[in-house]
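Enquirer: To start, I am sharing the structure in question, which I have written as structure tokens.
Readers should treat all values here as calculations from the given coordinates under stated rules, not as data from a laboratory. All values derive from a computational prediction rather than experimental measurement. Here the Cβ positions follow ideal geometry from the backbone for every residue, glycine too, while neighbour counts run over all protein chains shown.
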Amino acid sequence: MNEALEYLQTFARFPFALRKFLQQRLTLDDAKRIVREGMEHREENFLRMVDRSVYGYPNSPYLPLLKMAGCELGDLRARVQQKGLEGALRDLRAAGVYITFEEFKGRQPIIRNGLTIPVMARDFDNPSMQRVFTLETGGSSGAAMNVGVDLDFVLDRSPHELLSLLAHDCLDAPSIRWNGILPAGTLRNIMRQIPFGHVPTRWFSPVGLRDSRHWLKYAAATYYIIFWLRLLGVRVPFPEYVGVEKSELVARAMGALLATHPSCLIHCSVSRALRVSLAAQKLGIDLAGANFSISSEPATLAKAKGILQSGGRCLPNYGTVETNRIATGCATPNAIDDMHVFKDAFVLFDHPYPIPGFGITVPAFNLTNLIPTAPKVMLNVQMDDYGVVEERSCGCELANFGYTTHLREIRSYTKLTGEGVTLIGNEILSVLENVLPTRFGGSPLDYQLVEEEDAQGFTRLCLVISPRVAIADEHQVIDVMLQALSHSSPMADAASTIWQQTHTLQIKRMEPQRTARGKLLPLYLLQRPQNSETQRG
Ligand SMILES: [Zn+2]
């Protein structure tokens, strides 16, 4: 009942906040000024954030860690002054002040030096933010996730979006989106462009209105937001359902834009971009002038090659649900996935992390959030991603703002990603360890999920089942798995819908790999030579 009431309150508050939001305009000069100021006051912004949301918030899960490290606010201030922001945060990391991804999601208590601190995902919520439009996704793992639209935060991230478009010469390019309705973040991303007057010409959603088990909740919220936007004069298109297998339709829509404009922009996942590119080539549509703003999964060489063959360009992005965009493509890249960290908004460095059970060490990303309206307080949160972090001056438009931290080769060490939808380990683990053995026999040791890339570059998730388990109809296993995911959480439900369309899940009958490795094998861990120790500085 309480949740229903909150949901309704959310709807009632929204039009007032939206009206205020729409009064804000962002010019290119504003965006440049905001980012320059953010860069200039980075250290103060950080100290103000920890003062208000950590030291000034008795329930902060960071407090016991800072106390353990003997670091009061005054000490931190002095250290920042002495060693700079990165230096101070690296010191804290070394002293045990960090949060793992599982802890951040509230799935594991924080355990440091014999101290156990129980945490929930909402303990990391920013205490100084009042949510305007909140929709929580429950999830079997108890990891609530906010998928709403925080208008203040959307507004604060708008300059980054504008500067990214500027760097890639896309300010005047009409755009198309091919990403899902809520709970996906598409609406939030559309709204980030409204302050500078960009609205997509079309919005294709790979998830239909009634595909979700929670369709009423999310479809209603999606349409409610669009309805108010349109009523207040912003002509955001209603989503048109275009399944992942109907990529020709998207290729044609891009071709139509390019017939009347020198360039266009499409925002979609990496694998959807690959699908559009293949469809365009099949139809003989030249996509020269098209910019693929891609995210949600690694832009591997195989996938990028397939996209570039259409004649278009790749504009890679990196972000998470909690942070929104962290990095965006370099305009003079030294690799297909070379990106700039928005340094006024984040501090990101890598720290060697031995993955439990895998016998390898990866340079894991540690992230600190500097935007005061961010929905989560993040102080050295170790993402489950790793990659190459470099300080470099590339000379592109983005470097002019002091964005000197570059990222590339970003991979996950716990997540499996197929077709731009990501499932976090825990949800799949429960299916592999409980649902499948109970239904089809065998033990949890007989099931494993392995990520692979096929010849075209598409990611396949292979469900490896020991041949010792007798199964009459193997298709049933996939059905049961998709059904179980669909009941697990709204995010997993959306994943199962798309994986069903694209036959992402496949079965392989062989013995699961009996190494020290885990039950989930992301592609990049699979490809590593066994027993290798990898560390990057
Ligand atoms: Zn650059």
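Enquirer: About its Cα centre, what dipole magnitude does the chain give when the only charges are +1 on Lys and Arg Cβ and -1 on Asp and Glu Cβ, stated in debye to the nearest 20? Display every interim value, and only then the final one.
Expert: On the way: 56 positive and 55 negative charges, 101 e Å.
Value, rounded to 20: 480 debye.
Enquirer: Continuing with this model, one more query. Taking a cut-off of 12 Å between Cα atoms, list the aspartates and glutamates near Lys105, but don't count ones fewer than 8 places away on the same chain.
Expert: Asp123, Asp125, Glu322, Asp384
Enquirer: Distance cut-off 31 Å, Cα to Cα: go down the list Lys305/Lys508; Lys32/Lys282; Lys246/Lys376 and report the pairs above it. Before the final figure, lay out the partial values.
Expert: Details: Lys305/Lys508 27 Å; Lys32/Lys282 42 Å; Lys246/Lys376 37 Å.
Beyond 31 Å between Cα atoms: Lys32/Lys282; Lys246/Lys376.
Enquirer: Sticking with this structure for a sec: Say the dipole of the chain comes from +1 at the beta carbon of Lys and Arg and -1 at that of Asp and Glu; which of Ala279, Asn113, Val377 then lies farthest toward its positive end?
Expert: Sorting the options by dipole projection puts first Ala279.
Enquirer: Could you give the distance between the Cα centres of region 224-269 and region 425-469, to the whole Å?
Expert: 36 Å
Enquirer: Between Lys217 and Glu40, take the C-beta separation as r, use R0 = 30 Å, and let me know the FRET efficiency to the nearest 0.05. Let's see the in-between values first.
Expert: Working: r = 43 Å, r/R0 = 1.42.
So, using R0 = 30 Å, E works out to roughly 0.10.
Enquirer: Name the shape class, rounded, prolate or oblate, that the alpha-carbon gyration tensor gives for the chain, where a ≥ b ≥ c are the square roots of its eigenvalues, rounded holds for a/c under 1.5, and otherwise prolate holds if a/b is larger than b/c and oblate otherwise. Before the final figure, lay out each step's value.
Expert: Working: a/c = 1.32, a/b = 1.04, b/c = 1.27.
Taking the square roots of the gyration eigenvalues as a ≥ b ≥ c, the chain is rounded.
Enquirer: Using only DSSP helix segments of four residues or longer, with each worth -39500 (n - 2.57), what per-residue ellipticity at 222 nm results for the chain after dividing by its residue count and rounding to 500?
Expert: On the way: 17 runs with 197 residues, N = 537.
Estimated from H runs of four or more residues: -11500 deg cm²/dmol.
Enquirer: Right, here's the next one. Is the shape of region 334-417 rounded, prolate or oblate, going by the alpha carbon gyration tensor and its root eigenvalues a ≥ b ≥ c, with a/c under 1.5 for rounded and a/b larger than b/c for prolate? Write out the running numbers ahead of the final one.
Expert: Details: a/c = 2.31, a/b = 1.33, b/c = 1.73.
Note, shape of region 334-417 comes out oblate.
Enquirer: Please compute the Cα-Cα pair-distance distribution of region 128-321 with 5 Å bins starting at 0, giving whole percents from short to long.
Expert: 1, 7, 15, 20, 21, 17, 11, 6, 2, 0, 0
Enquirer: Classify region 1-98 as rounded, prolate or oblate, taking a ≥ b ≥ c as the square roots of the eigenvalues of its Cα gyration tensor: rounded when a/c is under 1.5, otherwise prolate if a/b is larger than b/c and oblate if not.
Expert: Values: a/c = 3.69, a/b = 1.39, b/c = 2.64.
Verdict is oblate for region 1-98.
Enquirer: Enumerate the lysines that Lys83 could reach by cross-link, defined here as Cα to Cα under 21 Å, with residues fewer than 8 away along the same chain left out.
Expert: In chain and number order, the partners are Lys67, Lys343.
Enquirer: Right, next: Could you list Asp454, Asp152 in order of exposure, starting from the residue whose Cβ has the fewest other Cβ atoms within 10 Å? Don't skip to the end; give the middle numbers.
Expert: On the way: Asp454 10, Asp152 20.
If I rank by nearby Cβ atoms, fewest first, I get Asp454, Asp152.
Enquirer: Counting other beta carbons within 10 Å of each Cβ, put Asp75, Asp29 in order, fewest first.
Expert: Details: Asp75 13, Asp29 8.
Placing the least packed residue first, the sequence is Asp29, Asp75.
Enquirer: Related question: Evaluate the relative contact order of the chain (contact order divided by residue number), counting alpha-carbon pairs under 8 angstrom at least 6 apart; express in whole percent. Before the final figure, lay out the partial values.
Expert: Details: 1009 pairs, mean separation 72.4, N = 537.
After rounding, I find 13 percent.
Enquirer: Right, next: With a sphere of radius 11 Å drawn around the Cβ of Asn59, what net charge do the other residues whose Cβ falls strictly inside it have (Lys, Arg +1; Asp, Glu -1)? Show your work: numbers first, answer last.
Expert: On the way: positive: Arg122; negative: Asp123, Asp125.
Residues near Asn59 contribute -1 overall.
Enquirer: Suppose every K and R has +1 on its Cβ and every D and E has -1 on its Cβ; what is the size of the dipole of region 421-521 about the Cα centre, in Debye to the nearest 20?
Expert: 300 debye
Enquirer: Counting other beta carbons within 10 Å of each Cβ, put Glu86, Glu391 in order, fewest first.
Expert: Details: Glu86 17, Glu391 9.
Least to most surrounded, the residues fall as Glu391, Glu86.
Enquirer: Now, a different point. Can you list residues from other chains, or at least 5 along the same chain, whose modelled amide H is less than 5 Å from the amide H of Thr100?
Expert: Sorted by chain and number, the residues that satisfy this are Gln382.
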